[in-house]
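The values are calculated or read from the model by the stated rules, or taken from the named source; none is laboratory data. Quick caveat, the model's predicted, so the values are computed rather than measured. FYI the Cβ positions are ideal-geometry reconstructions off the backbone, even for glycines, and counts take in every protein chain you see. Areas reflect the complete protein model, heavy atoms only, side chains present, ligands, DNA and RNA absent. Shrake-Rupley method; radii C 1.70, N 1.55, O 1.52, S 1.80 Å.
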Amino acid sequence: MRADRKQREKEESKKNIQINFYVILAIIYIIIMVAFIATTFLVDVLPILYFGILILILALISLPILRSLFKKSGKTRSGKEPKKAKKKVVSSVTAVIMILIMSTGTYYMANTLDFFGKISGNVQVHNFYVVVKADSQYEKLKDIDKKTVGIMEQEDEIYTEAQEKLKDKVDVSLQKKGSFDNLAKSLLSDEVEVIFMNSAYYDMAVEEVDGFTSQNTKILEEISVKVESKEEANNKSVDVTKEPFNVYISGIDTTGSIGNIARSDVNMVMTVNPKTKTILLTSIPRDYYVKLATKGAMDKLTHSGLYGIEETTKTIENLLGIDINYHVKVNFTTVVKLVDTLGGITVNSEYSFSALGMDRVTYNYVAGSNNLNGQAALAFARERYSFASGDNQRVKNQQAVLTGIIKKCTSSASILTNYNGILNAIEDNIQTSMSQKDITSLVKMQLGDMSGWTIKQFSLKGSGSSTPVYSIPNSYVYVMVPDQSSVDEAKNQIASVMNGE
């Protein structure tokens, strides 16, 4: 009798454990399902119809599973498991599979939300360098205590704030030395032992000032000033699924943080008409000789980036007579990481040529099709000296790289199989004034009709010249004087796309 009772208790305990397992599994299932639905809803990229279908499918799959898991089961008097017990085992296996699928989906949706949060922002970072000669006895910032530091003669709130930050770190006196090129020359001639300048101006000095190189100078300290963009992009926002709009694409000539202020090396206006499904890419050479919008002085377009993306945006608006609704900012790192994550791209080149990459490797390109990795694609997009037309050809090559990326994303499984990797690769290397709502509205529209887009390309042209400019007033530098007929043609083509013609 006692043995029978122990056996019954053992079987009862085993039965209770099974019941608890199924109940716990069901609860986990419900939690994961709610998380999956919630994150999918928050990302908001699925059209209402598709989201409704998703909910319906989940309901049809989940209700039978949950009903089975919550039902009690036991053995018949003959000791055989009833059909519902076997069904419960099948349901539990199916539940585990569904939990894995929904967990993966939740992870992807959460990453997408995080991605939107990181790329939608307008914080800009101004970096300033404390620079000395490479053979200087000064090795650390504290070594210049009580010394005189040369600065640019520039009325700028951000530069002033950076100077105050420097003086908070070390006791120095500041001495104005004129424009950035004079400041660089004052270091070379030993007028001062230390200079303090914007990192972008330092890069320009390396290119423009004879004898000033990254090898014969050293940076003792980097001081950063973060600034919230004053761009009133929201005042120009539109319903991107119904109204045509313009996006300024800026490629800054730097690596590292996308918020860094730097020269604008790539300048494109992307005109989008969502009703006619037409995109026009209008490229503007970096050396275009234009009037800076807020400075009222002539300079190269690339130098407008030194004063923030708003300066470049307004300058291009004035040049083309258009409103720019949004901007997208990318840098060298964006191109390299995105292309490599996609597994490389195929780019068509008009010419055979060679170019030195940022990694100091020389890349060779043939006329026709080229399979490129990230560094090779970047070198392809940056080269201009190999062409008689210089910048005119470079902007075409930049469009070719962008086309290669678009084709790879839309014509292969790369975007799906490496979705998370792509987001991780570019999330810290892209910044846009478009809101999450604007971006997801475009995605929902495309998923809703799955129709193709017509992509057109146009490049502004000009002729080379040499003249002092606003940012380099004491030297003659290369500029491209706009061909007014190409500017007028660009205006006409943009208007045509905007008007749905």
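General observations
- Ser186 vs. criteria crowded, with 16+ Cβ neighbours inside 10 Å and within 30 Å of Ser120 (Cβ to Cβ): no
- Per-region count, region 272-312, residues assigned to a helix (DSSP H, G or I) and under 29 Å from Val240 (Cβ atoms): 9
- Scanning region 437-456 for residues that are of a type in the set (A, V, I, L, M), free of Cβ contacts under 8 Å to residues at least 12 places away in the same chain and out of contact with any Pro (no Cβ under 8 Å at 6 or more places or on another chain) turns up at least one hit.
- Counting only residues that are outside any helix (DSSP H, G or I) and of a type in the set (A, V, I, L, M, F, W, C), region 176-186 holds 0 of them.
- Residue match in region 198-210 (condition: more than 22 Å from Thr302 (Cβ to Cβ) and either open to solvent by 20 Å² or more (accessible area, probe 1.4 Å) or touching a Phe, Trp or Tyr at 6+ places or on another chain (Cβ under 8 Å) (or both)): no
- When residues of region 147-158 are limited to those that are closer than 23 Å to Val469 by Cβ and β-branched (Val, Ile, Thr), the one surrounded by the most Cβ atoms within 10 Å (Cβ to Cβ): Ile151
- Checking each residue in region 445-496 for being farther than 30 Å from Lys275 by Cβ and of a type in the set (A, V, I, L, M, F, W, C) picks out Val469, Ile472, Val477, Val479, Met480, Val481.
- Count - residues of region 448-462 that are surrounded by 13 or more Cβ atoms within 10 Å (Cβ to Cβ) and either among the acidic types (Asp, Glu) or in a strand (DSSP E or B) (or both): 6
- Long-range neighbours under 7 Å by Cβ, at least six apart or interchain, first residue over 15 Å from Ser475 (Cβ atoms) within region 165-191, second open to solvent by 80 Å² or more (accessible area, probe 1.4 Å) and in a helix (DSSP H, G or I): Val170/Lys142
- Residue match in region 77-90 (condition: open to solvent by 50 Å² or more (accessible area, probe 1.4 Å), within 26 Å of Ile439 (Cα to Cα), at pLDDT 85 or above and of a type in the set (A, V, I, L, M, F, W, C)): no
- Count - residues of region 39-63 that are closer than 22 Å to Gln446 by Cα, in contact with a helix residue (DSSP H, G or I) (Cβ under 9 Å, 6 or more places away or on another chain) and assigned to a helix (DSSP H, G or I): 11
- Total residues in region 427-463 satisfying the condition of being modelled with pLDDT under 80, within 30 Å of Gln393 (Cα to Cα) and polar (S, T, N, Q): the figure is 1.
- Residues in region 470-501 that are of a type in the set (A, V, I, L, M, F, W, C) and over 30 Å from the mean Cα position of the chain (by Cα): Val477, Val481.
- Qualifying position, being under 20 Å from His303 (Cβ atoms) and crowded, with 18+ Cβ neighbours inside 10 Å, among Ile144, Ile195: Ile195
- When every residue of region 159-175 is checked against the conditions, none turns out to be within 35 Å of the chain's Cα centre (by Cα), part of a loop (DSSP other than H, G, I, E, B) and surrounded by fewer than 16 Cβ atoms within 10 Å (Cβ to Cβ).
- Residue within region 196-203 that is at pLDDT 95 or above and either under 19 Å from Asn474 (Cα atoms) or in a strand (DSSP E or B) (or both) present: yes
- Count of region 469-501 residues, restricted to those that are in a helix (DSSP H, G or I), in contact (Cβ under 8 Å) with a residue 24 or more places away in the chain and among the aliphatic types (A, V, I, L, M), is 5.
- Count of region 10-54 residues, restricted to those that are open to solvent by less than 80 Å² (accessible area, probe 1.4 Å) and either among the aliphatic types (A, V, I, L, M) or at pLDDT 85 or above (or both), is 22.
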